[in-house]
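These notes concern the structure reproduced below.
All of the numbers you see were taken from the coordinates with simple rules; none came from a lab. Treat the numbers as computed from the prediction; the structure is a model and nothing was measured. A quick note on method: Cβ atoms are made from the backbone with ideal geometry, for glycine too, and the neighbour counts reach across all protein chains shown.
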Amino acid sequence: MSRACGGNGGVIINVSSMAGLMPAPQQPVYTATKCGVIGFTRAMAETSKRENYGVRINTMCPAFVNTPILKTIDEEENMGKYFKDRDAIRKMMSNFGILEPAAVADGLMKIIEDETLNGAVMKITKTKGIHFEDYATGYLQEVQEVVMRKDPEEANEEVTESRKC
Ligand SMILES: NC(=O)C1=CN([C@@H]2O[C@H](COP(=O)(O)OP(=O)(O)OC[C@H]3O[C@@H](n4cnc5c(N)ncnc54)[C@H](O)[C@@H]3O)[C@@H](O)[C@H]2O)C=CC1
Ligand SMILES: CC/C=C\C[C@H](O)[C@H](O)/C=C/C=C/C=C\C=C\C(=O)C/C=C\CCC(=O)O
């Protein structure tokens, strides 16, 4: 797939979850895996850009979606010690609402069609629909951008100075 390996490029869409952005106390391992998907996607997207792979790599974070996975909260062998907390998850589902799979399909199509998207973290929620996590204004992001230009010590000083204004 990578142009660096003779492929034609393309787009990869990794499936994370809102649980990767809003830690779910009843699903710590699931949360960790979904956070990992986000970090991996963002790192690989930058690699792809730098190495000119021609591959866009993005991730989507749907909230609760009406699929069989939602029934797993009623399975003790799946929930383990958090089985007793399933009412808290049910309450979250009721508060946040449950998306239909078509909303996820819309998100997939947007990522496929919008060729400007690389390293994007798309959120899909019942209230806001499709929108994106914004990392661009964070301090660490600023440091990282400066680090690409100079050594880490100087970069930190430059960003700290700019934050004073
Ligand atoms: N339904 C939801 O509320 C949300 C789901 N997601 C993510 O979406 C993805 C798809 O989930 P759903 O379609 O909702 O769940 P699902 O339970 O309907 O489908 C999951 C599928 O993965 C397969 N599977 C499970 N373990 C596997 C393995 N080790 N190797 C190969 N296949 C395996 C299952 O057989 C099943 O067909 C998952 O990554 C899930 O974490 C993300 C956010 C919300
Ligand atoms: C045990 C439950 C089984 C499966 C559910 C899946 O694991 C799924 O991946 C988990 C989803 C968790 C969603 C958590 C939070 C949802 C939040 C919202 O819907 C909206 C909240 C805030 C909106 C802010 C914003 O959109 O930026």
Query raised in the report: Of the chymotrypsin sites (Phe, Trp or Tyr not before Pro) in the stretch 26-117, which ones lie in a loop per DSSP and count no more than 11 other C-beta atoms within 10 Å?
Result: none
Report task. Decide, for the stretch 66-165, between rounded, prolate and oblate: order the square roots of the alpha carbon gyration tensor eigenvalues as a ≥ b ≥ c, take rounded if a/c falls under 1.5, and otherwise choose prolate if a/b is larger than b/c, else oblate. Result -> prolate
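Rounded to the nearest 5, what is the percent of antiparallel bridges among the DSSP beta bridges in the chain? Could you put the intermediate results ahead of the total?
Numbers: 4 of 15 bridges.
That works out to approximately 25 percent antiparallel.
Quickly estimate the mean residue ellipticity at 222 nm for the chain, helices only: each DSSP H run with n ≥ 4 gives -39500 (n - 2.57), and the total goes over all residues, rounded to 500. Don't skip to the answer; put the middle values down first.
Numbers: 6 runs with 74 residues, N = 165.
Only helices count here, giving -14000 deg cm²/dmol.
Which whole-number percentage describes the relative contact order of the chain, with Cα contacts under 8 Å and a sequence gap of 6 or more? Mind dumping the intermediate values first?
Details: 222 pairs, mean separation 35.6, N = 165.
Once divided by the residue count of the chain, the mean separation gives 22 percent.
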Requested in this report: Hey, for a label at Ala4 modelled as a point 7 Å past Cα toward Cβ, could you say which residues of the stretch 30-68 have their backbone N under 11 Å away?
Outcome: 44-55
Query - Near-label residues of the stretch 80-105 by backbone N, under 15 Å of a point 7 Å along Cα→Cβ of Asp114 - result: 104-105
Report task. Please state the charge dipole magnitude for the chain, taken about the Cα centre, from unit charges on C-beta atoms (+1 on K and R, -1 on D and E), reported in debye and rounded to the nearest 20. Result -> 420
Report summary line: Which of Lys34/Lys91; Lys71/Lys128; Lys81/Lys128 exceed 28 Å between C-alpha atoms? The answer is Lys81/Lys128
Report summary line: Cβ-Cβ cut-off under 14 Å around Thr41, Lys and Arg +1, Asp and Glu -1: the net charge is +3
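Do any GluC sites (Glu not before Pro) in the stretch 21-130 lie in a loop, going by DSSP, with at most 16 other beta-carbon atoms within 10 Å of their beta carbon, and if so which? Write out the running numbers ahead of the final one.
Values: sites: Glu46, Glu51, Glu75, Glu76, Glu77, Glu113, Glu115; in loops: Glu75, Glu115.
Answer in residue order: Glu75, Glu115.
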